[in-house]
Amino acid sequence: SQKIEQNSEALNIQEGKTATLTCNYTNYSPAYLQWYRQDPGRGPVFLLLIRENEKEKRKERLKVTFDTTLKQSLFHITASQPADSATYLCALPDSGTYKYIFGTGTRLKVLA
Amino acid sequence: EPEVTQTPSHQVTQMGQEVILRCVPISNHLYFYWYRQILGQKVEFLVSFYNNEISEKSEIFDDQFSVERPDGSNFTLKIRSTKLEDSAMYFCASSEAPVGGYSGNTIYFGEGSWLTVV
């Protein structure tokens with residue numbers, strides 16, 4: 001079955017810098033991939049979806065890339081702010097089913 | 001903006017007791033889900049529900065669990081005879097159209113019900 005790997009170690013960056021988070025998957029390439037934000041004790045909030053035929057997707061300060069050859073998606077936050085501090089989850093559709101599977105997430109901390 | 005609401009936000013229960021977690025999905029959504037997240041672990045799928053039937057369930061969703069849509073607005077998760085390992089955050093979610101596959105439809109999560117079994 002599909003496995004999703006995200007860096008479980010926290011990422012600390014200085015305010016104003018670009019944060020880059022990685023999502024790797026191990027099995028089949030999905031038709032699309034999603035990124036969610038999760039704050040402590042809260043539910044995941046959808047941020048962006050990128051399809052397999054899209055190399056890059058942007059939304060305000062967020063940018064997502066999808067490389068099916070590398071089986072990897074990168075999630076970038078430019079001009080990061082302390083308010084961007086949260087855990088970011090990668091999610092893929094599970095093959096042959098109608099559900100999403102989630103990675104463990106990467107915790108981002110933006111230092112003022 | 002429409003949102004998924006869940007109650008209670010936190011429940012403490014004795015091992016062996018039954019709990020019911022309640023959810024009000026977004027009003028025009030037709031597909032409903034329960035996910036759970038054990039502290040420090042990933043969000044895991046439990047069950048999906050459509051047209052008053054379970055459409056898919058995970059291995060976690062055994063006979064201890066059940067779901068119901070008792071009326072036109074609520075969606076509930078019942079956990080019978082709770083165990084210590086049921087302690088987790090339970091998220092209700094909904095979507096307008098089926099998720100997964102090639103659809104790319106977005107799933108909207110509630111804020112969660114934190115269940116502590118003691």
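Computed quantities for the displayed model
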{"item": "Compactness of the protein assembly as shown, expressed as Rg and Dmax over alpha-carbon positions, Å", "result": "17.7, 51"}
{"item": "Within-11-Å neighbourhood charge of A:TRP35 [Cβ basis; K, R +1; D, E -1]", "result": "+4"}
{"item": "Total charge dipole magnitude, segment A:17-97, about the Cα centre, Cβ charges on Lys, Arg, Asp, Glu only, Debye to nearest 20", "result": "220"}
{"item": "Fewest-first sequence of A:TRP35, B:TRP114 by Cβ atoms within 10 Å of each Cβ", "result": "B:TRP114, A:TRP35"}
{"item": "Principal axis dimensions, segment A:17-97 - Cα atoms, whole angstrom, descending", "result": "37, 26, 18"}
{"item": "Relative intensity, log₁₀ I(q)/I(0), of segment B:65-118 from a Debye sum that treats every alpha carbon as a point, q = 0.13, 0.17, 0.20 Å⁻¹", "result": "-0.45, -0.71, -0.89"}
{"item": "Amide H contacts under 5 Å for B:THR5, placed H, 5+ residues apart", "result": "B:VAL24"}
{"item": "Sequence-distant lysines (8 or more away, or on other chains) whose Cα lies within less than 29 Å of A:LYS99", "result": "A:LYS3, A:LYS55, A:LYS57, A:LYS59, A:LYS63, A:LYS71, B:LYS42, B:LYS57, B:LYS78, B:LYS83"}
{"item": "For B:42-53, mean number of other protein chain Cβ atoms within 10 Å", "result": "3"}
{"item": "If the convex hull is drawn through the Cα atoms of segment A:1-53, its volume per residue in Å³", "result": "129"}
{"item": "Three principal axis lengths of chain B [C-alpha, angstrom, descending]", "result": "39, 26, 25"}
{"item": "Vicinal HN-Hα couplings computed from phi for segment B:98-105 (Karplus, 6.51 cos²θ - 1.76 cosθ + 1.60; Hz; Gly/Pro x)", "result": "x, 9, x, x, 9, 6, x, 6"}
{"item": "Number of partner chain Cβ atoms within 10 Å, mean per residue of B:80-93", "result": "1"}
{"item": "Kirkwood Rh, Cα atoms: Rg over Rh of segment B:1-41", "result": "1.03"}
{"item": "Between segment B:49-118 and segment A:1-77, the alpha-carbon center distance in angstrom", "result": "25"}
{"item": "Residue-by-residue Karplus 3J(HN,Hα) for segment B:67-77, coefficients 6.51, -1.76, 1.60, Hz, glycine and proline x", "result": "10, 7, 10, x, 8, x, 10, 9, 9, 10, 10"}
{"item": "5 angstrom amide H check on B:GLU56, placed H, neighbours 5+ away", "result": "B:SER48"}
{"item": "Relative contact order of chain A, defined on C-alpha pairs under 8 angstrom at six or more residues apart (%)", "result": "36"}
{"item": "Antiparallel DSSP beta bridges within chain B, as percent of all bridges there, nearest 5", "result": "90"}
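Computed from the coordinates by the stated procedures, all read-outs in this text should not be read as laboratory data. Treat the numbers as computed from the prediction; the structure is a model and nothing was measured. Cβ: placed from backbone, ideal geometry, glycine included. Neighbour counts: every protein chain shown.
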